[in-house]
1. What's the Kirkwood radius of the range 257-396 in Å, using all Cα pairs?
2. So which trypsin sites (Lys or Arg not before Pro) in the range 1-47 end up in coil per DSSP with only 10 or fewer other C-beta atoms within 10 Å?
3. Where does helix 18-29 land angle-wise versus the long Cα axis of the chain, in degrees 0 to 90, nearest 10?
4. Going by average Cβ density within 10 Å per residue, which order do the peptides 388-398, 287-297 take, highest to lowest?
5. At R0 = 41 Å, how high is the FRET efficiency between ARG9 and THR359 if r is their beta carbon distance? Nearest 0.05 is fine.
6. Considering every Cα-Cα pair within the range 117-203, what fraction, in whole percent, is farther apart than 20 Å?
7. Within the range 137-193, list the trypsin sites (Lys or Arg not before Pro) lying in a DSSP loop whose Cβ has at most 13 other Cβ atoms in a 10 Å radius.
8. If neighbour count is taken as other Cβ atoms inside 10 Å, put ASP361, ASP89, ASP19 in order from fewest to most.
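Since every read-out is calculated from the coordinates, none of them should be taken as a lab result. Because the structure is a prediction, the values reported are computed rather than measured. All Cβ positions, glycine included, derive from the backbone under ideal geometry; neighbour counts span all protein chains shown.
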Amino acid sequence: MNVLEIITRKKNGGSLSYDELKFVFMGYLEKKIPDYQMSALLMAITINGMNMSETLSLTDIFIRSGEVYDYTGKIDYVVDKHSTGGVGDSTTLIVGPLAASLGLHMAKMSGRGLGITGGTIDKLESIPNFNVLPSPEFFYNQVKTLGFAISAQTPNLVPLDKVIYNLRDVTGTTESIPLIASSIMSKKIAAGATNILIDIKVGSGALIKTREDAKTLSKWLIAIGEAYKRNVKTIISDMDTPLSCAVGNALEVAEAINVLHGKRCPLFDASVEIVANLLSMAKGLSLEDATKETIKAIDSGSALKKFYEFVSFQGGELGKLHIAPNVIPVKAKISGTIESVDALGAAKLAGKLGASRMTLDDKIDYSVGILLHVGVGDTVEKDDLLMELFVNGDLPELKNADFSFINIV
Ligand code: URA
């Protein structure tokens, strides 16, 4: 097979066979195809798209590049959720224990954050001694007995996605819908879930910028699920505003605990919606009944109890959770109504404090972040508190920081 011919055909809008896709993509994983040729093909796919048959082929090639987990006949009600990434989105920390407290099983593989979006593994690593890489036997037993375990992605689960994702990240090819669909679904299918809920985030702080694109992605995710006999449902939610008042790793863990204590806020609503959908899919309940059961599991304290058990199973010491001690208040310069709290602006500020990384090798400070005290529609007087910044030491660059992402009119 000829790589140049394959790239050229996609550049001219043609379609590629299973074997041609396998030749280039697996060739890249095996280091037989160089970065520049793989990048050229990814760009041609991003511009000209892929049809469903190509997308199914690519998903299959991704899945077969590593280990595949199968819980059939061993563990019932295996569910999974995925968010396409957002700001202040710590739903996994709530959804996992909440789902487990309702008799579902979630074997969760999570990632680290890159750029503006946070990653669940970073949030968990802010808990001292939390083991993000349990052995496969430990992980399996924890899922079976406790109902919920998390692992950082092992090198053996869809290794092809890892190398391709890293290349997409630096070649302007992250927004291709068929590439996103095969990346997400290959990991969910390989990880063994039978009921999968995907939360597609749309807005300034998200990978997907328009509702139209979100709807297209939804169709592709469901179609791939059908091909593998997985029950897939999607929800589309806004990411113009941070999902919770906390942006920063340890702060987000603390906020997840507040929600598990019953705090009503958008993060509570989002978590309940995800778990109610999973419960309804897995156990055949109506969405209304599933929602009632889900809220009951929070209000009774059983989801919170599961969360504490989950953290201690994986070695974490919540008592030692460290939040940066220097607190800088940011106050309103004028009176008025909060018109917007831009997710991208909040994420960039948290990044400036050290909460996120721009390359996978960057070190992050788990203890820093932002606590927002206002939301869209609130009215404020001049000098009212808008947010608090949690920082370590003096940060001279904060003098020029941009706080205009909270827009008062
Ligand atoms: N999440 C993924 O896992 N892959 C993508 O391509 C985008 C979001």
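1. On the way: mean 1/r = 0.0551 Å⁻¹.
The Cα-based Kirkwood calculation yields 18.1 Å.
2. Details: sites: ARG9, LYS10, LYS11, LYS22, LYS31, LYS32; in loops: LYS31, LYS32.
In loop regions of the range 1-47 (DSSP not H, G, I, E or B), the sparsely surrounded trypsin sites (Lys or Arg not before Pro) are LYS31.
3. Compared with the principal axis, the helix lies near 60 degrees.
4. On the way: 388-398: 14.5, 287-297: 17.3.
By packing density, highest mean first, the sequence is 287-297, 388-398.
5. Here the calculated transfer efficiency is 0.80.
6. Numbers: 1763 of 3741 pairs.
Taking all Cα-Cα pairs of the range 117-203, the fraction more than 20 Å apart is 47 percent.
7. Of the trypsin sites (Lys or Arg not before Pro), not one in the loops of the range 137-193 has a Cβ with at most 13 other Cβ atoms within 10 Å.
8. Ascending Cβ contact count within 10 Å gives the list ASP361, ASP19, ASP89.
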